[in-house]
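Trainee: First the structure, then my questions, so here it is.
The values are calculated or read from the model by the stated rules, or taken from the named source; none is laboratory data. All values derive from a computational prediction rather than experimental measurement. We place every Cβ from the backbone using ideal geometry, glycine too, and count neighbours over all the protein chains shown.
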Amino acid sequence: MQRESFSPEGDRAAPISQSLAEFVAGTAFETLPEAVVHEVRRSFLNWIGVALGAAREEPVRMAARVMAQASPAPQATVIGHRLRLDCAGAALVNGVASHLYDFDDTHAASILHPSAPILPACLALAEHLDISGDAFITAYAVGAEVADRIAAAVTPWHNEAGWHVTGTVGTFGAAAAASRLLGLSPAQTVHALGLASTQAAGLREMFGSMAKPLHPGKAAWNGILSARLAAEGFTSASQGLEGRRGFLAVMTPDWAPGPLTEGLGRTFEMVRNRHKPYACGVVTHAAIDAAIEARNRSIDPARVERIDAYVHPLVQELTGKADPRTGLEGKFSVYHCIAVGLIDGRAGPAQFTDTRVSAPEVVELRRKVHLVVDPTMGEEAARLVIHITGGGVEIFAVPSATGSLDRPMSDQALEEKFRMLVEGFVGPKKTQALIDAVWSLGSESSMRELARSIPVVEEI
(Lines give C-alpha, C1' and ligand atoms only; values in the text may rest on other atoms or scores of the structure.)
Protein backbone atom coordinates (compact mmCIF):
# COMPACT_ATOMS: atom_id res chain seq x y z
CA MET A 1 0.00 0.00 0.00
CA GLN A 2 1.34 3.45 -0.93
CA ARG A 3 1.63 5.66 2.13
CA GLU A 4 1.64 9.40 2.36
CA SER A 5 4.62 10.53 4.43
CA PHE A 6 3.79 12.04 7.78
CA SER A 7 4.78 15.67 8.12
CA PRO A 8 4.98 17.18 11.61
CA GLU A 9 4.63 20.60 10.02
CA GLY A 10 1.10 19.84 8.82
CA ASP A 11 -2.24 21.28 9.93
CA ARG A 12 -1.80 22.29 13.57
CA ALA A 13 -5.57 22.70 13.97
CA ALA A 14 -6.30 19.08 13.00
CA PRO A 15 -8.16 17.07 15.62
CA ILE A 16 -5.88 15.09 17.92
CA SER A 17 -7.13 11.72 16.67
CA GLN A 18 -6.49 12.77 13.08
CA SER A 19 -2.96 13.97 13.87
CA LEU A 20 -2.10 10.74 15.67
CA ALA A 21 -3.59 8.67 12.86
CA GLU A 22 -1.54 10.50 10.24
CA PHE A 23 1.57 9.93 12.33
CA VAL A 24 0.82 6.20 12.61
CA ALA A 25 0.09 5.72 8.92
CA GLY A 26 2.74 8.05 7.55
CA THR A 27 5.89 7.47 9.59
CA ALA A 28 8.56 5.67 7.57
CA PHE A 29 11.21 3.39 9.04
CA GLU A 30 13.90 5.48 7.35
CA THR A 31 12.84 8.56 9.29
CA LEU A 32 13.08 6.92 12.73
CA PRO A 33 16.07 8.15 14.75
CA GLU A 34 18.64 5.45 15.50
CA ALA A 35 17.95 5.94 19.22
CA VAL A 36 14.33 4.97 18.62
CA VAL A 37 15.24 1.89 16.56
CA HIS A 38 17.71 0.78 19.22
CA GLU A 39 15.17 1.28 22.00
CA VAL A 40 12.67 -0.90 20.12
CA ARG A 41 15.25 -3.69 20.00
CA ARG A 42 16.00 -3.23 23.72
CA SER A 43 12.31 -3.36 24.57
CA PHE A 44 11.75 -6.41 22.37
CA LEU A 45 14.66 -8.30 23.96
CA ASN A 46 13.43 -7.47 27.45
CA TRP A 47 9.85 -8.41 26.54
CA ILE A 48 10.69 -11.81 25.05
CA GLY A 49 12.76 -12.68 28.11
CA VAL A 50 10.03 -11.70 30.54
CA ALA A 51 7.25 -13.43 28.58
CA LEU A 52 9.27 -16.61 27.97
CA GLY A 53 10.37 -16.66 31.60
CA ALA A 54 6.73 -16.60 32.72
CA ALA A 55 5.47 -19.08 30.11
CA ARG A 56 5.32 -21.98 32.59
CA GLU A 57 3.35 -20.09 35.23
CA GLU A 58 -0.20 -21.26 35.91
CA PRO A 59 -2.01 -17.97 35.08
CA VAL A 60 -0.44 -18.09 31.60
CA ARG A 61 -1.46 -21.72 31.18
CA MET A 62 -5.00 -20.86 32.31
CA ALA A 63 -5.31 -18.07 29.76
CA ALA A 64 -3.89 -20.30 27.03
CA ARG A 65 -6.38 -23.08 27.79
CA VAL A 66 -9.31 -20.66 27.67
CA MET A 67 -8.16 -19.06 24.43
CA ALA A 68 -7.58 -22.50 22.87
CA GLN A 69 -11.27 -23.28 23.41
CA ALA A 70 -12.39 -20.14 21.59
CA SER A 71 -9.61 -19.49 19.07
CA PRO A 72 -9.08 -22.42 16.69
CA ALA A 73 -7.26 -20.57 13.87
CA PRO A 74 -3.49 -21.33 14.21
CA GLN A 75 -2.21 -17.90 13.18
CA ALA A 76 0.29 -16.88 15.83
CA THR A 77 2.67 -18.31 18.42
CA VAL A 78 1.96 -18.51 22.13
CA ILE A 79 5.42 -17.76 23.50
CA GLY A 80 7.06 -20.76 25.12
CA HIS A 81 4.31 -23.17 24.05
CA ARG A 82 3.69 -25.39 21.04
CA LEU A 83 0.18 -23.96 20.90
CA ARG A 84 -0.73 -21.49 18.17
CA LEU A 85 -3.91 -19.39 18.26
CA ASP A 86 -5.59 -16.69 16.25
CA CYS A 87 -3.76 -13.36 16.45
CA ALA A 88 -5.96 -11.80 19.12
CA GLY A 89 -5.95 -14.91 21.29
CA ALA A 90 -2.16 -15.29 21.10
CA ALA A 91 -1.74 -11.60 21.87
CA LEU A 92 -3.93 -11.93 24.96
CA VAL A 93 -1.99 -14.90 26.35
CA ASN A 94 1.38 -13.31 25.56
CA GLY A 95 0.20 -10.07 27.15
CA VAL A 96 -0.59 -11.93 30.37
CA ALA A 97 2.84 -13.62 30.28
CA SER A 98 4.69 -10.37 29.66
CA HIS A 99 3.19 -8.63 32.69
CA LEU A 100 2.84 -11.49 35.16
CA TYR A 101 6.28 -10.99 36.72
CA ASP A 102 5.91 -7.17 36.72
CA PHE A 103 9.37 -7.23 35.15
CA ASP A 104 8.47 -5.37 31.94
CA ASP A 105 9.47 -1.86 30.85
CA THR A 106 8.02 1.40 32.17
CA HIS A 107 7.51 4.80 30.57
CA ALA A 108 9.19 7.35 32.83
CA ALA A 109 6.55 10.08 32.69
CA SER A 110 3.44 8.00 33.30
CA ILE A 111 4.33 4.50 34.72
CA LEU A 112 2.69 3.01 31.63
CA HIS A 113 4.15 -0.40 30.72
CA PRO A 114 4.18 0.02 26.91
CA SER A 115 5.59 -3.30 25.71
CA ALA A 116 3.18 -5.57 27.60
CA PRO A 117 0.09 -4.57 25.55
CA ILE A 118 1.78 -3.45 22.31
CA LEU A 119 4.42 -6.08 21.53
CA PRO A 120 2.00 -9.04 21.83
CA ALA A 121 -0.23 -7.39 19.21
CA CYS A 122 2.78 -6.57 17.01
CA LEU A 123 4.32 -10.03 17.16
CA ALA A 124 1.06 -11.90 16.53
CA LEU A 125 0.16 -9.88 13.44
CA ALA A 126 3.74 -9.69 12.18
CA GLU A 127 4.06 -13.47 12.38
CA HIS A 128 0.71 -14.08 10.71
CA LEU A 129 1.40 -11.61 7.89
CA ASP A 130 5.13 -12.49 7.70
CA ILE A 131 6.17 -8.88 8.16
CA SER A 132 9.81 -7.78 7.93
CA GLY A 133 11.81 -6.67 10.95
CA ASP A 134 11.92 -3.01 9.98
CA ALA A 135 8.13 -2.93 9.51
CA PHE A 136 7.78 -4.53 12.94
CA ILE A 137 10.10 -1.93 14.47
CA THR A 138 8.10 0.89 12.87
CA ALA A 139 4.78 -0.49 14.11
CA TYR A 140 6.02 -0.77 17.68
CA ALA A 141 7.64 2.66 17.55
CA VAL A 142 4.45 4.44 16.47
CA GLY A 143 2.27 2.38 18.81
CA ALA A 144 4.49 3.09 21.80
CA GLU A 145 4.70 6.77 20.91
CA VAL A 146 0.92 7.11 20.72
CA ALA A 147 0.48 5.28 24.03
CA ASP A 148 3.25 7.17 25.83
CA ARG A 149 1.82 10.52 24.76
CA ILE A 150 -1.74 9.67 25.78
CA ALA A 151 -0.50 8.32 29.11
CA ALA A 152 1.51 11.50 29.76
CA ALA A 153 -1.55 13.60 28.94
CA VAL A 154 -3.72 11.91 31.60
CA THR A 155 -1.03 11.64 34.29
CA PRO A 156 -1.35 11.85 37.27
CA TRP A 157 -5.13 11.99 37.82
CA HIS A 158 -5.93 8.92 35.74
CA ASN A 159 -3.78 6.70 37.96
CA GLU A 160 -4.88 8.40 41.16
CA ALA A 161 -8.53 7.81 40.30
CA GLY A 162 -7.87 4.08 40.15
CA TRP A 163 -7.39 3.37 36.45
CA HIS A 164 -4.55 1.07 35.43
CA VAL A 165 -2.93 3.05 32.64
CA THR A 166 -1.32 -0.02 31.07
CA GLY A 167 -4.76 -1.53 30.54
CA THR A 168 -6.54 1.63 29.43
CA VAL A 169 -3.94 3.51 27.39
CA GLY A 170 -2.20 0.32 26.29
CA THR A 171 -5.29 -0.35 24.16
CA PHE A 172 -4.50 2.72 22.05
CA GLY A 173 -0.90 1.67 21.58
CA ALA A 174 -1.90 -1.82 20.47
CA ALA A 175 -4.54 -0.43 18.11
CA ALA A 176 -2.06 2.02 16.58
CA ALA A 177 0.59 -0.67 16.06
CA ALA A 178 -1.94 -3.09 14.61
CA SER A 179 -3.28 -0.38 12.29
CA ARG A 180 0.22 0.19 10.99
CA LEU A 181 0.88 -3.50 10.37
CA LEU A 182 -2.46 -3.92 8.58
CA GLY A 183 -1.70 -0.94 6.33
CA LEU A 184 -4.68 1.16 7.41
CA SER A 185 -5.16 4.63 5.97
CA PRO A 186 -5.26 7.66 8.29
CA ALA A 187 -9.06 7.67 8.07
CA GLN A 188 -9.27 4.00 9.03
CA THR A 189 -6.73 4.52 11.81
CA VAL A 190 -8.92 7.28 13.27
CA HIS A 191 -11.70 4.71 13.57
CA ALA A 192 -9.33 2.14 15.07
CA LEU A 193 -8.31 4.67 17.75
CA GLY A 194 -11.97 5.47 18.35
CA LEU A 195 -12.80 1.80 18.76
CA ALA A 196 -9.88 1.49 21.15
CA SER A 197 -11.17 4.39 23.21
CA THR A 198 -14.51 2.72 23.85
CA GLN A 199 -12.87 -0.56 24.94
CA ALA A 200 -10.14 0.82 27.20
CA ALA A 201 -10.32 -0.63 30.72
CA GLY A 202 -8.31 -1.74 33.74
CA LEU A 203 -8.61 -1.01 37.48
CA ARG A 204 -5.82 -0.61 40.03
CA GLU A 205 -7.96 -2.49 42.54
CA MET A 206 -6.80 -5.61 40.68
CA PHE A 207 -3.13 -5.10 41.63
CA GLY A 208 -1.74 -8.12 43.43
CA SER A 209 -4.04 -10.53 41.60
CA MET A 210 -4.04 -12.41 38.29
CA ALA A 211 -6.35 -9.75 36.87
CA LYS A 212 -3.52 -7.20 36.68
CA PRO A 213 -1.57 -9.01 33.92
CA LEU A 214 -4.88 -9.67 32.17
CA HIS A 215 -5.11 -5.91 31.55
CA PRO A 216 -2.31 -5.70 28.95
CA GLY A 217 -3.43 -9.01 27.47
CA LYS A 218 -6.92 -7.66 26.93
CA ALA A 219 -5.51 -4.36 25.67
CA ALA A 220 -3.54 -6.29 23.03
CA TRP A 221 -6.67 -8.25 22.10
CA ASN A 222 -8.78 -5.06 21.89
CA GLY A 223 -6.12 -3.29 19.84
CA ILE A 224 -6.10 -6.02 17.21
CA LEU A 225 -9.90 -6.14 17.20
CA SER A 226 -10.08 -2.36 16.75
CA ALA A 227 -7.70 -2.33 13.80
CA ARG A 228 -9.26 -5.34 12.12
CA LEU A 229 -12.76 -3.88 12.43
CA ALA A 230 -11.55 -0.56 11.02
CA ALA A 231 -9.91 -2.38 8.12
CA GLU A 232 -13.33 -3.82 7.25
CA GLY A 233 -14.94 -0.38 7.27
CA PHE A 234 -16.34 -0.54 10.81
CA THR A 235 -16.62 3.02 12.10
CA SER A 236 -16.39 4.90 15.38
CA ALA A 237 -16.75 8.50 16.45
CA SER A 238 -14.09 10.60 14.76
CA GLN A 239 -12.90 12.05 18.06
CA GLY A 240 -13.22 9.10 20.41
CA LEU A 241 -10.07 10.24 22.18
CA GLU A 242 -10.57 14.00 22.56
CA GLY A 243 -14.33 14.47 22.09
CA ARG A 244 -16.57 16.06 24.73
CA ARG A 245 -17.57 12.60 25.96
CA GLY A 246 -14.47 10.81 24.69
CA PHE A 247 -11.78 8.89 26.53
CA LEU A 248 -9.83 11.90 27.78
CA ALA A 249 -12.87 13.76 29.12
CA VAL A 250 -14.39 10.71 30.79
CA MET A 251 -11.22 9.19 32.22
CA THR A 252 -9.64 12.36 33.63
CA PRO A 253 -11.04 15.78 34.60
CA ASP A 254 -7.86 17.64 33.71
CA TRP A 255 -5.96 16.36 30.69
CA ALA A 256 -3.22 18.32 28.99
CA PRO A 257 -3.39 18.60 25.17
CA GLY A 258 0.27 19.56 24.77
CA PRO A 259 1.87 16.14 25.32
CA LEU A 260 -0.38 14.58 22.69
CA THR A 261 0.91 16.24 19.53
CA GLU A 262 3.69 18.71 20.32
CA GLY A 263 6.78 17.69 18.38
CA LEU A 264 5.00 14.61 17.03
CA GLY A 265 7.28 12.98 14.49
CA ARG A 266 10.27 15.08 15.57
CA THR A 267 10.73 14.08 19.18
CA PHE A 268 10.01 10.64 20.59
CA GLU A 269 8.73 10.15 24.10
CA MET A 270 9.39 6.41 23.80
CA VAL A 271 13.15 6.86 24.24
CA ARG A 272 12.32 7.71 27.87
CA ASN A 273 11.58 4.04 28.46
CA ARG A 274 12.96 2.36 31.58
CA HIS A 275 13.84 -1.30 32.06
CA LYS A 276 13.51 -3.05 35.38
CA PRO A 277 16.27 -4.84 37.27
CA TYR A 278 13.69 -6.10 39.77
CA ALA A 279 10.42 -7.99 39.24
CA CYS A 280 8.12 -5.63 41.11
CA GLY A 281 6.69 -2.11 41.17
CA VAL A 282 9.21 0.43 39.91
CA VAL A 283 8.68 2.76 42.87
CA THR A 284 10.26 0.17 45.18
CA HIS A 285 13.49 -0.13 43.22
CA ALA A 286 15.51 2.53 45.05
CA ALA A 287 14.65 0.89 48.38
CA ILE A 288 15.73 -2.49 46.98
CA ASP A 289 18.99 -0.95 45.76
CA ALA A 290 19.60 0.35 49.28
CA ALA A 291 18.76 -3.01 50.87
CA ILE A 292 21.11 -4.87 48.51
CA GLU A 293 23.85 -2.34 49.24
CA ALA A 294 23.33 -2.99 52.95
CA ARG A 295 23.69 -6.73 52.36
CA ASN A 296 26.82 -6.18 50.31
CA ARG A 297 28.25 -4.23 53.23
CA SER A 298 27.68 -7.20 55.54
CA ILE A 299 24.57 -6.07 57.39
CA ASP A 300 23.28 -9.25 59.04
CA PRO A 301 19.46 -9.48 58.76
CA ALA A 302 19.38 -11.47 62.01
CA ARG A 303 20.86 -8.48 63.88
CA VAL A 304 18.46 -5.89 62.47
CA GLU A 305 16.21 -4.36 65.10
CA ARG A 306 14.36 -1.85 62.92
CA ILE A 307 14.51 -0.36 59.43
CA ASP A 308 13.18 3.15 58.83
CA ALA A 309 12.54 3.48 55.10
CA TYR A 310 12.28 7.09 53.89
CA VAL A 311 10.32 7.07 50.64
CA HIS A 312 8.28 9.22 48.25
CA PRO A 313 4.50 9.23 48.94
CA LEU A 314 3.85 7.13 45.81
CA VAL A 315 5.72 4.23 47.38
CA GLN A 316 3.18 3.93 50.17
CA GLU A 317 0.26 4.54 47.83
CA LEU A 318 1.28 1.95 45.24
CA THR A 319 3.22 -0.61 47.27
CA GLY A 320 2.02 -0.21 50.83
CA LYS A 321 0.88 -3.80 51.48
CA ALA A 322 2.49 -4.46 54.86
CA ASP A 323 1.50 -8.11 55.14
CA PRO A 324 1.32 -9.71 51.67
CA ARG A 325 -0.05 -13.25 51.54
CA THR A 326 0.84 -14.23 47.96
CA GLY A 327 3.73 -13.70 45.58
CA LEU A 328 1.63 -11.36 43.46
CA GLU A 329 0.81 -9.25 46.52
CA GLY A 330 4.50 -9.22 47.43
CA LYS A 331 5.21 -7.21 44.29
CA PHE A 332 3.16 -4.41 45.82
CA SER A 333 4.77 -4.54 49.24
CA VAL A 334 7.82 -2.33 49.71
CA TYR A 335 8.17 -4.06 53.08
CA HIS A 336 8.67 -7.39 51.33
CA CYS A 337 10.93 -5.85 48.69
CA ILE A 338 13.27 -4.44 51.33
CA ALA A 339 13.28 -7.73 53.24
CA VAL A 340 14.24 -9.91 50.27
CA GLY A 341 16.73 -7.31 49.07
CA LEU A 342 18.55 -7.54 52.39
CA ILE A 343 18.22 -11.31 52.87
CA ASP A 344 18.59 -12.58 49.28
CA GLY A 345 20.48 -9.74 47.65
CA ARG A 346 18.07 -9.75 44.71
CA ALA A 347 14.42 -9.24 43.76
CA GLY A 348 13.76 -11.48 40.78
CA PRO A 349 10.80 -13.78 40.10
CA ALA A 350 12.03 -16.23 42.76
CA GLN A 351 11.58 -13.57 45.45
CA PHE A 352 7.89 -13.13 44.57
CA THR A 353 6.55 -16.64 44.91
CA ASP A 354 3.95 -17.65 47.47
CA THR A 355 6.62 -19.71 49.21
CA ARG A 356 9.09 -16.85 49.53
CA VAL A 357 6.46 -14.38 50.71
CA SER A 358 5.52 -16.70 53.57
CA ALA A 359 9.10 -17.69 54.54
CA PRO A 360 9.51 -17.09 58.32
CA GLU A 361 12.76 -15.11 58.03
CA VAL A 362 11.23 -12.83 55.39
CA VAL A 363 8.04 -12.27 57.39
CA GLU A 364 10.06 -11.48 60.51
CA LEU A 365 12.28 -8.92 58.77
CA ARG A 366 9.55 -7.11 56.87
CA ARG A 367 7.69 -6.58 60.16
CA LYS A 368 10.72 -4.57 61.27
CA VAL A 369 10.36 -2.20 58.31
CA HIS A 370 8.67 1.13 59.05
CA LEU A 371 7.80 3.51 56.23
CA VAL A 372 8.51 7.21 56.64
CA VAL A 373 6.75 9.10 53.88
CA ASP A 374 8.85 12.09 52.84
CA PRO A 375 7.30 14.42 50.21
CA THR A 376 10.74 15.94 49.58
CA MET A 377 12.12 12.57 48.50
CA GLY A 378 12.33 11.97 44.75
CA GLU A 379 10.23 9.21 43.21
CA GLU A 380 13.43 7.40 42.19
CA ALA A 381 15.13 7.81 45.59
CA ALA A 382 15.07 6.08 48.98
CA ARG A 383 16.97 6.07 52.25
CA LEU A 384 17.15 3.18 54.69
CA VAL A 385 18.15 3.82 58.30
CA ILE A 386 18.98 0.42 59.77
CA HIS A 387 19.09 0.06 63.55
CA ILE A 388 21.29 -2.81 64.70
CA THR A 389 20.51 -4.85 67.82
CA GLY A 390 22.77 -3.78 70.66
CA GLY A 391 23.33 -0.32 69.26
CA GLY A 392 24.53 1.22 66.04
CA VAL A 393 22.84 2.75 63.04
CA GLU A 394 23.71 2.31 59.37
CA ILE A 395 22.32 4.59 56.64
CA PHE A 396 22.03 3.63 52.97
CA ALA A 397 20.83 6.31 50.57
CA VAL A 398 20.03 5.88 46.87
CA PRO A 399 19.37 9.13 44.96
CA SER A 400 18.42 7.39 41.69
CA ALA A 401 17.31 3.77 41.35
CA THR A 402 18.95 1.29 39.02
CA GLY A 403 16.97 1.32 35.77
CA SER A 404 15.94 4.97 36.11
CA LEU A 405 16.69 7.50 33.39
CA ASP A 406 19.68 8.65 35.43
CA ARG A 407 20.97 5.08 35.83
CA PRO A 408 19.62 3.11 32.85
CA MET A 409 20.25 -0.57 32.37
CA SER A 410 22.91 -1.10 29.72
CA ASP A 411 22.49 -3.42 26.75
CA GLN A 412 24.79 -5.86 28.53
CA ALA A 413 22.66 -5.72 31.67
CA LEU A 414 19.54 -6.45 29.59
CA GLU A 415 21.28 -9.45 28.05
CA GLU A 416 22.20 -10.71 31.52
CA LYS A 417 18.61 -10.29 32.65
CA PHE A 418 17.44 -12.19 29.56
CA ARG A 419 19.82 -15.05 30.32
CA MET A 420 18.73 -15.15 33.95
CA LEU A 421 15.10 -15.52 32.84
CA VAL A 422 15.42 -18.13 30.09
CA GLU A 423 18.81 -19.82 29.90
CA GLY A 424 18.05 -22.30 32.68
CA PHE A 425 15.38 -24.04 30.66
CA VAL A 426 16.29 -23.37 27.01
CA GLY A 427 20.07 -23.62 27.27
CA PRO A 428 22.84 -21.15 26.37
CA LYS A 429 22.86 -21.83 22.62
CA LYS A 430 19.18 -21.05 22.04
CA THR A 431 19.39 -18.13 24.43
CA GLN A 432 22.25 -16.55 22.50
CA ALA A 433 20.49 -17.19 19.18
CA LEU A 434 17.47 -15.21 20.37
CA ILE A 435 19.64 -12.38 21.65
CA ASP A 436 21.46 -12.20 18.30
CA ALA A 437 18.19 -12.28 16.34
CA VAL A 438 16.80 -9.32 18.28
CA TRP A 439 19.92 -7.15 18.01
CA SER A 440 20.08 -7.79 14.24
CA LEU A 441 16.37 -7.17 13.67
CA GLY A 442 15.88 -5.28 10.40
CA SER A 443 14.78 -5.45 6.78
CA GLU A 444 16.25 -8.92 6.23
CA SER A 445 14.46 -10.40 9.25
CA SER A 446 11.33 -12.48 8.92
CA MET A 447 9.11 -12.00 11.95
CA ARG A 448 7.40 -15.30 11.19
CA GLU A 449 10.72 -17.13 11.39
CA LEU A 450 11.72 -15.26 14.54
CA ALA A 451 8.43 -15.94 16.32
CA ARG A 452 8.54 -19.63 15.47
CA SER A 453 12.16 -19.92 16.60
CA ILE A 454 11.26 -19.05 20.18
CA PRO A 455 11.83 -22.28 22.15
CA VAL A 456 8.98 -24.34 23.55
CA VAL A 457 9.34 -24.58 27.31
CA GLU A 458 5.91 -25.82 28.40
CA GLU A 459 3.06 -27.92 27.05
CA ILE A 460 -0.50 -26.88 27.87
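Trainee: Quickly run through segment 350-375 and pick out the residues that are outside any strand (DSSP E or B) and either hydroxyl-bearing (Ser, Thr, Tyr) or more than 28 Å from the chain's Cα centre (by Cα) (or both). Even if it seems obvious, please write down each step before you answer.
Mentor: First, pick out the residues of segment 350-375 that are outside any strand (DSSP E or B): 350-368, 374-375.
Correct list: THR353, THR355, SER358, ALA359, PRO360, GLU361, VAL363, GLU364, LEU365, ARG367, LYS368.
Trainee: If a residue must be closer than 25 Å to VAL457 by Cβ, touching a helix residue (DSSP H, G or I) at 6+ places or on another chain (Cβ under 9 Å) and part of a helix (DSSP H, G or I), how many such residues does segment 27-60 contain? Walk me through it before giving the result.
Mentor: Of all residues in segment 27-60, those closer than 25 Å to VAL457 by Cβ come to 40-60.
Keeping just the survivors that are touching a helix residue (DSSP H, G or I) at 6+ places or on another chain (Cβ under 9 Å) gives 40-57, 59-60.
Filter once more, so that each one left must be part of a helix (DSSP H, G or I): 40-53, 59-60.
Matching residues across segment 27-60 total 16.
Trainee: So THR235 fits all but one of (1) more than 26 Å from the chain's Cα centre (by Cα); (2) over 27 Å from ALA116 (Cα atoms); what number is the exception?
Mentor: (2)
Trainee: Output the residue which, of all residues in segment 339-358 that are small (Gly, Ala, Ser) and either surrounded by fewer than 17 Cβ atoms within 10 Å (Cβ to Cβ) or at pLDDT below 95 (or both), is farthest from ARG419 (Cα to Cα). Quick ask: steps written out before the conclusion?
Mentor: Looking only at segment 339-358, we keep the residues that are small (Gly, Ala, Ser), and these are 339, 341, 345, 347-348, 350, 358.
Going one step further and asking which of them are either surrounded by fewer than 17 Cβ atoms within 10 Å (Cβ to Cβ) or at pLDDT below 95 (or both), we end up with 345, 350, 358.
Working: GLY345: 18, ALA350: 15, SER358: 27 Å.
Per the stated criteria, the residue is SER358.
Trainee: Scan segment 189-206 residue by residue and report those that are crowded, with 20+ Cβ neighbours inside 10 Å and of a type in the set (A, V, I, L, M, F, W, C).
Mentor: If the condition is that a residue be crowded, with 20+ Cβ neighbours inside 10 Å and of a type in the set (A, V, I, L, M, F, W, C), then VAL190, ALA192, LEU193, LEU195, ALA196, ALA200 are the ones that fit.
Trainee: Residues that are of a type in the set (Phe, Trp, Tyr) and surrounded by fewer than 17 Cβ atoms within 10 Å (Cβ to Cβ): does segment 221-237 have at least one?
Mentor: Filtering segment 221-237 for residues of a type in the set (Phe, Trp, Tyr) gives 221, 234.
If we keep only those that are surrounded by fewer than 17 Cβ atoms within 10 Å (Cβ to Cβ) as well, we get 234.
Checked segment 221-237: at least one residue is of a type in the set (Phe, Trp, Tyr) and surrounded by fewer than 17 Cβ atoms within 10 Å (Cβ to Cβ).
Trainee: Look at segment 250-294 and say how many of its residues are assigned to a loop (DSSP other than H, G, I, E, B) and not charged (D, E, K, R). Lay out the reasoning, then the answer.
Mentor: In the first step, residues of segment 250-294 are kept if they are assigned to a loop (DSSP other than H, G, I, E, B); the result is 252-257, 262-263, 265-266, 268, 275-281.
From what's left, not charged (D, E, K, R): 252-253, 255-257, 263, 265, 268, 275, 277-281.
Total satisfying the criteria: 14.
Trainee: If we keep just the residues of segment 313-338 that are out of contact with any Cys (no Cβ under 8 Å at 6 or more places or on another chain) and hydrophobic (A, V, I, L, M, F, W, C), which is surrounded by the fewest Cβ atoms within 10 Å (Cβ to Cβ)? Quick ask: steps written out before the conclusion?
Mentor: Within segment 313-338, the subset out of contact with any Cys (no Cβ under 8 Å at 6 or more places or on another chain) is 313-318, 320-329, 333-336, 338.
From the residues that got through so far, the ones that are hydrophobic (A, V, I, L, M, F, W, C) too are 314-315, 318, 322, 328, 334, 338.
Numbers: LEU314: 19, VAL315: 24, LEU318: 19, ALA322: 14, LEU328: 23, VAL334: 28, ILE338: 29.
Selected residue: ALA322.
Trainee: Which residue is nearest to GLY202 (Cα to Cα), if the candidates are limited to segment 216-249 and must be basic (Lys, Arg) and in a loop (DSSP other than H, G, I, E, B)?
Mentor: Step one: of segment 216-249, the residues basic (Lys, Arg) are 218, 228, 244-245.
Retained after the next criterion (residues that are in a loop (DSSP other than H, G, I, E, B)): 244-245.
Numbers: ARG244: 22, ARG245: 19 Å.
It comes out as ARG245.
Trainee: Can you say whether GLU293 is crowded, with 17+ Cβ neighbours inside 10 Å and over 26 Å from the mean Cα position of the chain (by Cα), as far as the supplied structure shows?
Mentor: On the way: crowded, with 17+ Cβ neighbours inside 10 Å: yes; over 26 Å from the mean Cα position of the chain (by Cα): yes.
Yes.
Trainee: Further question: Identify, please: which residue in segment 110-152 is among the hydrophobic types (A, V, I, L, M, F, W, C) and outside any helix (DSSP H, G or I) and is, among those, surrounded by the most Cβ atoms within 10 Å (Cβ to Cβ)?
Mentor: In this case the residue turns out to be LEU112.
Trainee: Show the residue pairs meeting these rules: Cβ distance below 7 Å; 6+ apart or different chains; first residue within segment 72-96 and under 16 Å from ALA126 (Cα atoms) and assigned by TED's automatic domain parsing to the domain that holds PHE207; second residue buried (at least 24 other Cβ atoms within 10 Å of the Cβ) and among the hydroxyl-bearing types (Ser, Thr, Tyr).
Mentor: Listed pairs, sorted by first residue: ARG84/THR77; ALA90/THR77.
Trainee: Please go through segment 153-175 and pick out each residue that is surrounded by fewer than 24 Cβ atoms within 10 Å (Cβ to Cβ) and either among the aromatic types (Phe, Trp, Tyr) or in contact with a Lys or Arg (Cβ under 6 Å, 6 or more places away or on another chain) (or both).
Mentor: Correct list: TRP157, GLY162, TRP163.
Trainee: Then there's this: State which residue pairs qualify: first residue under 19 Å from ALA28 (Cα atoms) and inside segment 117-132, second residue charged (D, E, K, R) in any location, beta carbons under 6 Å apart, and separation of 6 or more residues or different chains.
Mentor: ASP130/ARG448
Trainee: Can you tell me which condition GLU379 does not meet? The list is (1) under 26 Å from the mean Cα position of the chain (by Cα); (2) touching a residue at least 60 places away in the same chain (Cβ under 8 Å); (3) over 30 Å from ILE111 (Cβ atoms), and all the others hold.
Mentor: With respect to (1) under 26 Å from the mean Cα position of the chain (by Cα); (2) touching a residue at least 60 places away in the same chain (Cβ under 8 Å); (3) over 30 Å from ILE111 (Cβ atoms), GLU379 is out only on (3).
Trainee: Show the residue pairs meeting these rules: Cβ distance below 7 Å; 6+ apart or different chains; first residue within segment 429-442 and under 11 Å from ASN46 (Cα atoms); second residue part of a helix (DSSP H, G or I) and of a type in the set (Gly, Ala, Ser).
Mentor: none
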